[in-house]
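Below: the structure, in structure tokens.
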Amino acid sequence: MTFPGYFVSFEGGDGSGKTTQARLLGEWLGEVTGREVVLTREPGGTPLGAEVRRLVLHGDHVDARAEALLYAADRAHHVASLVRPALARGAVVITDRYLDSSVAYQAGGRELSEEDVENLSLWATHGLLPDVTILLDVDPEVAAARLSGEPDRLERAGQEFHRRARETFLRRAAAEPARWVVIDAAAPLQDVQAQIRVDVAARLDLTPVVEEAAAAAAPELPPATLGEPAELPVDEVDEVGEGGEGAAGPGEQPGADVRGDAVAGDAVAGDAR
Ligand code: TYD
């Protein structure tokens, strides 16, 4: 079954910057499409999921199969109670991790069967797959250096585990290029976001919508590139009206001071973190 909404997942190693990039993409997609944006995550996108997250990441040792089942249970509930209803109302749903994390970590990392782990999640979700999956690829050693705070149970699993998980992500991306976008997460944050916007717009057939929004925001300027939106003086932005100011630059909050009516900043809803 297809839905009127858009379903986007972010994948990658711990410390690859998924959370920040997902938020920035959500703000921008809300602006250019005018749609509701739901930012969510796995595990822990729902109240039940938050319990699963605590058990699986901050509890004692969990057997690999039990771990796979817990992530799949979180996913089943997340999809049934949050993701599908949002897609059915036409929202853009952006999830920080989804099914491919289970294949990378529980199959690649824990060395369970890839087929079993994938089929478990397909069963759990009635086969729901993202329209686009963005892999923020980074060397686990580089990513580990970015992490702060007390490492959780999965972050403590060791370099070999994380190397296998990375390889699994890359192999899956290569095998299914129509769904995946692979981006070098070691690049500067703004460059990563700009590349994500270009690739997501192309995959979701949003390029005309994006160009229209950019042209409405700055009709006298040459078409803004996706990643480097033209900067407008404050008074011009006010005249553009609702939803028309074009793409916020990566790293910018949709600026409350340079906006007319409420647009994407308010549309970014449902962050159940
Ligand atoms: P994440 O929320 O990305 O961690 P953090 O916020 O600490 O960066 O993911 C939590 C951990 O759970 C991460 O190490 C990956 C792991 N994980 C799996 O092993 N299988 C899964 O199916 C999912 C969704 C996550």
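Miscellaneous remarks
- Which numbered condition A215 fails, given (1) surrounded by 15 or more Cβ atoms within 10 Å (Cβ to Cβ); (2) free of Cβ contacts under 8 Å to residues at least 60 places away in the same chain; (3) in contact with a helix residue (DSSP H, G or I) (Cβ under 8 Å, 6 or more places away or on another chain): (3)
- Of the residues making up segment 62-72, those that are more than 12 Å from the ligand (Cβ to nearest atom) and touching a residue at least 12 places away in the same chain (Cβ under 8 Å) number 1.
- Any chance V142 is away from the ligand (no atom under 13 Å from the Cβ), β-branched (V, I, T) and in contact with a Lys or Arg (Cβ under 8 Å, 6 or more places away or on another chain): no
- Output for segment 93-118, where each listed residue is within 14 Å of the ligand (Cβ to nearest atom) and of a type in the set (G, A, S): S101, S102, A104, A107, G108, G109
- Hits in segment 38-52 - residues which are assigned to a strand (DSSP E or B) and within 13 Å of the ligand (Cβ to nearest atom): L39, T40, R41
- Output for segment 184-212, where each listed residue is closer than 18 Å to D131 by Cα and either touching an Asp or Glu at 6+ places or on another chain (Cβ under 8 Å) or of a type in the set (D, E) (or both): D199, R203, L204, D205
- Members of segment 1-22 that are more than 13 Å from the ligand (Cβ to nearest atom) and touching a residue at least 24 places away in the same chain (Cβ under 8 Å): F3, P4, G5, Y6, F7, V8
- Restricting attention to segment 97-150, the residues being more than 21 Å from the chain's Cα centre (by Cα), surrounded by 14 or more Cβ atoms within 10 Å (Cβ to Cβ) and polar (S, T, N, Q) number 0.
- Scan of segment 23-37 for residues that are in a helix (DSSP H, G or I), of a type outside the set (G, A, S) and either touching a helix residue (DSSP H, G or I) at 6+ places or on another chain (Cβ under 8 Å) or away from the ligand (no atom under 16 Å from the Cβ) (or both), ordered by number: L24, L25, E27, W28, L29, E31, V32, T33
- Out of R171, R179, R153, R163, one residue alone is within 13 Å of the ligand (Cβ to nearest atom) and surrounded by 13 or more Cβ atoms within 10 Å (Cβ to Cβ). It is R153.
- Apart from one condition, R75 fits all of (1) within 25 Å of W123 (Cβ to Cβ); (2) away from the ligand (no atom under 12 Å from the Cβ); (3) at pLDDT 95 or above; the exception is (2).
- Matching residues in segment 119-139 - criterion: being away from the ligand (no atom under 11 Å from the Cβ) and part of a helix (DSSP H, G or I): N119, L122, W123
- Taken over segment 190-220, the residue count meeting the criterion of being over 13 Å from Q21 (Cβ atoms) and either in a helix (DSSP H, G or I) or in contact with a His (Cβ under 9 Å, 6 or more places away or on another chain) (or both) is 15.
- Hey, G90 within 13 Å of the ligand (Cβ to nearest atom) and either touching a residue at least 60 places away in the same chain (Cβ under 8 Å) or buried (at least 16 other Cβ atoms within 10 Å of the Cβ) (or both) or not: no
The values are calculated or read from the model by the stated rules, or taken from the named source; none is laboratory data. Computed from a predicted model, the values in this text were never measured in an experiment. Here Cβ is always computed from backbone atoms with ideal geometry, including for glycine, and neighbour counts include all displayed protein chains.
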